[in-house]
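I have placed the structure first, in the form of structure tokens, so that the comments after it can refer back to it.
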Amino acid sequence: MTEPSWPLAPNPWEPATNRPAITIRDVKVILTQPEGIRLIVVKIETSEPDLYGYGCATFTQRPRAVVEAIESYLKPMIIGRDPNDIEDIYQTGYLSSYWRTGPIMNNALSGVDQALWDIKGKLANMPVYQLLGGKTRRAATVYSHASGDTVEAVEEAVRQKMDAGFTHVRAQVAVPGYHTYGTAADPKAKIQQPWHESAYTRIVPKLFDHLRSTLGEEVELLHDIHERIHPILAINLAKQLEPYRLFFLEDPFAPEDIGWFTRMREATSIPIAMGELFVNQTEWEYLIRERLIDFIRVHISAIGGLSIAHKLAHFCEFFNVRTAWHGPGDVSPVGHAANLHLDLASSNFGIQEAHIFNDTVREVFPGTPEVHDGQMWSNDKPGLGVEVDEALAAKFPFGDYELMHQNFPPVRRVDGSPIRW
Ligand code: KDG
Ligand code: MG
């Protein structure tokens with residue numbers, strides 16, 4: 001444990017007699033993969049023996065870099081500070097590297113930021129959604145994933161989700177003989193297959209034609225392109241999908257191609273969700289202000305945490321852009337809880353992506369938000385409401401294999417060249 005290094009006032013000209021009643025005593029990083037997905041959680045301990053908070057810093061492809069950013073740079077800055085000063089710690093942490101943003105620094109910052117919100121909630125004896133403005137809905141409507149090797153198999157998978165109470169389902173279909181996103185139970189098993197964008201863009205309209213004609217109009221259907229086709233083909237695909245009334249079409253373009261959104265809007269009124277790869281405001285500000293997207297879909301830890309996501313949600317509200325925070329398996333249950341608290345307090349909430357954690361994850365993270373009746377529910381506990389059984393978490397360390405295979409494996413075209421994910 002690191003000793004508090006007081007005097008360390010937020011502003012150096014403040015007298016040391018302004019020492020806060022509670023100080024940050026230690027910052028720890030917890031690495032665990034109870035479901036085989038690498039998760040990173042920050043724990044901030046305070047001078048009060050039982051007062052601590054957890055925050056999600058999960059960047060599953062670069063965990064070691066995030067740990068280094070926290071331990072070598074953010075931790076020494078905040079030891080001894082008042083954990084109440086979330087905004088000041090966020091701003092000074094953000095600016096402290098001079099060159100800022102990026103998923104490594106943002107995830108590190110998010111771990112700290114969310115842990116401070118957790119602490120503030122515990123201090124106030126309130127769930128974090130109360131601190132964000134209070135509940136404006138009972139629970140957050142979620143979407144779940146359905147996929148299959150054929151359109152009939154996807155139909156069956158969607159039916160199973162509907163029977164389980166989901167009203168919104170993301171549908172992805174395999175492309176026979178080729179690689180595609182979001183269909184294989186084990187993506188590594190299919191990674192050797194080449195990617196063929198024409199085959200993909202031919203099969204997706206057939207999928208939604210089949211789903212609408214067999215499932216009817218009620219169920220809300222979503223699809224993730226995962227930014228892997230050329231922009232003009234994404235526009236063409238969006239036009240073809242328009243009759244099937246998607247709830248949203250996700251990530252039609254890579255962040256490098258955001259200049260294409262104007263063309264998309266001119267061509268079709270399909271609702272667009274965008275942003276899981278965004279890391280800073282220059283990427284989203286124009287799209288929102290010009291009303292070129294319908295759902296903002298950032299990964300909250302990748303943009304720096306709850307403080308900035310709260311501001312982003314409010315910014316979107318002025319333009320009637322709804323939220324759809326990224327919620328895959330590589331967001332820890334602490335991060336899912338952060339998504340949920342914001343969902344509950346945002347009037348412009350749109351939808352929440354749900355990951356159904358297995359029992360082992362739920363044991364490691366007691367308080368993981370429950371998903372039932374197609375909704376995610378808060379446990380209404382103070383703070384973010386999620387604990388970490390640290391002894392159990394330590395039983396699922398990142399092994400050598402996982403650390404060696406932490407990259408997203410490249411997907412290649414038939415001619416061998418790599419595509420963007
Ligand atoms: O690590 C990358 C995943 O989080 C991403 O592929 C998941 O696209 C995704 C989604 O929409 O959940
Ligand atoms: Mg996605």
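Taking every alpha-carbon pair in the chain and binning the separations at 10 Å intervals from zero gives 5, 22, 32, 26, 12, 4, 1, 0 percent.
Checking the Cα-Cα distances for LYS75/LYS311; LYS161/LYS206; LYS135/LYS395; LYS161/LYS381; LYS28/LYS381 against a 31 Å cut-off, the pairs over it are LYS135/LYS395. Among ASP389, ASP50, ASP330, the residue with the largest mean-square fluctuation in a Gaussian network model of the chain, with springs joining Cα atoms closer than 10 Å, is ASP50.
For the chain, the mean residue ellipticity at 222 nm estimated from helices alone is -10000 deg cm²/dmol, where every DSSP H run of n ≥ 4 contributes -39500 (n - 2.57) and the total is divided by all residues, rounded to the nearest 500. Treating each Cα of the range 306-417 as an identical point scatterer and summing with the Debye formula, the log10 of I(q)/I(0) at q = 0.15 Å⁻¹ comes to -0.79.
Can you give the relative contact order of the range 240-324 as a percent, counting alpha carbon pairs under 8 Å and 6+ residues apart?
On the way: 105 pairs, mean separation 23.0, N = 85.
Value for the range 240-324: 27 percent.
The eigenvalues of the Cα gyration tensor, multiplied by 5 and square-rooted, give the range 171-251 an equivalent ellipsoid with semi-axes of 21, 15, 11 Å from largest to smallest. Any chance you could give the angle, 0 to 90 degrees and rounded to 10, that helix 306-317 forms with the longest Cα principal axis of the chain? Tilt relative to the chain: about 50 degrees. What is the range 126-188's relative contact order, in percent, from Cα pairs under 8 angstrom and six or more apart in sequence? It comes to 31 percent, rounded to a whole number.
Read-outs: derived from the displayed coordinates by stated rules, not from any lab. Computed from a predicted model, the values in this text were never measured in an experiment.
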